[in-house]
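Input: a single structure, listed below in structure tokens.
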Amino acid sequence: MAKLEATDFELIVNPIDGEPTRAWVLEKIADPEVVGACIMHGQPSDKIDREFLDAASPNLKVVSTFSVGFDHIDVPYANSKGIKIGHTPGVLSNAVADTTVMLVLMTMRRVEEGIRLIKDNEWPNLPWAPFVMCGPAIGHPNLTIGFLGFGRISECVVERLLAFTSKSAPPTILYSNSRARDNQAEIDAEFSSRFGVTVRRAEKDEVAAQSDIVIVLCSQSPATIDLVNAEFLKKMKKTAVLINAARGPIVNSEDLAAALDAGEIFGAGLDVITGEPKVYADHPLVKHPKCVVIPHMGSADYDTRNAMADLCVSNAIAGVTGQPLIAEVKV
Ligand code: DGY
């Protein structure tokens, strides 16, 4: 706000400390004096769809989202109207990677079950037996860690996970992305030398079948919705865990609940889930002892959110003053 207030622009600020109404957003955005908008991600009022873009001031030059993801924005339609879209890549990679690794450890080591057990007063009934509350070891020799999507955040996750995995029998990293490049072997050699372990691109079926930890970090698009479905989950190892720190709809919730019920995988850790935020205590995945669900908190540390705010505002100021955005979404 300080950065915005230091400009000569008049500011229209959401009066509610929470989600504004869609009607308020559509009314304000229609004002012909409005030249830029800073928005959040993940609330219906901030959906930048045709309704929003058709209602918008003809002088709107930029919409800047306080998120790296832009699945809530019709970017081609905005661009067709000459409106640039700014977002916040890079500054949240470390925070999201921290959360992802936390979910990996929580899921493998059954933290959700452990906490529930205490809250249900069951600890006194828990025998101290050798394998009680055990899960798969992250330091297990020759682990395979698979990624669906291998961008900035995945790379930060690999850096962190290597601190936990075996040094004498290091893990192999497999990743699947939209398509193999002509120089794929060179790309993989560069990754392998950077991380000091074998890193290679694989098809998603191989990622499913070989990995002990599958981490979803691709962006949401029509091609990635339901990427993790019953077929994918059936290919996974019974001892493997699935982590989703990307977008809910990439993992089919019904199929995941069925796979957990059937013991097809060991557990799941989700920062995101289809239908969020309207997810309640009776949701099959929230209720499931083998599933950790947290409310889309991947980037939620103070330093990161301040850096996202700064980049969001800087993009908006650049857009309205006719400068190139610091980070513009290009599709
Ligand atoms: C992002 O930045 O995309 C986060 O997921 C918040 O929406």
With point charges of +1 on the Cβ of Lys and Arg and -1 on the Cβ of Asp and Glu, referenced to the Cα centre of region 1-135, which listed residue (Gly36, Ile73, Val111) lies farthest in the positive direction of the dipole?
Val111
Given points 7 Å out from each Cα along the Cα-Cβ axis, report the Glu122 to Lys167 separation in nanometres with one decimal.
3.8 nm
Considering only C-alpha atoms, what is the centroid distance from region 132-153 to region 270-330, in Å?
24 Å
Probe radius 1.4 Å, ligands and nucleic acids ignored: give me the carbon and sulfur share of the accessible area of the chain as a rounded percent.
56 percent
Counting only DSSP beta bridges with both partners in the chain, the antiparallel fraction in percent, to the nearest 5, comes to 5 percent
Rank these residues by their accessible area, most exposed first, probe 1.4 Å: Cys218, Cys134.
Cys134, Cys218
Among the listed pairs Lys119/Lys167; Lys167/Lys237; Lys235/Lys287; Lys167/Lys235, give every one whose C-alpha distance is greater than 30 Å.
Lys119/Lys167
Spin-label point model (7 Å from Cα, Cβ direction): what's the Glu5 to Val35 distance in nm?
2.1 nm
Working only with C-alpha atoms, what are the Rg and Dmax values of the chain, expressed in angstrom?
21.8, 70
Which helices, counted as full DSSP H runs in the chain, have an axial Cα extent of no less than 18 Å and a Kyte-Doolittle average of 0.0 or above?
93-108, 302-320
Can you give the FRET efficiency for Val286 and Leu26, using 1/(1 + (r/R0)^6), R0 = 45 Å, r = Cβ-Cβ distance, to the nearest 0.05?
0.85
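The values are calculated or read from the model by the stated rules, or taken from the named source; none is laboratory data. The model shown is predicted, which means the values in this text are computed figures rather than measured ones. FYI the Cβ positions are ideal-geometry reconstructions off the backbone, even for glycines, and counts take in every protein chain you see. Ligands, DNA and RNA are excluded from the accessible area calculation, which covers all protein heavy atoms including side chains. Shrake-Rupley method; radii C 1.70, N 1.55, O 1.52, S 1.80 Å.
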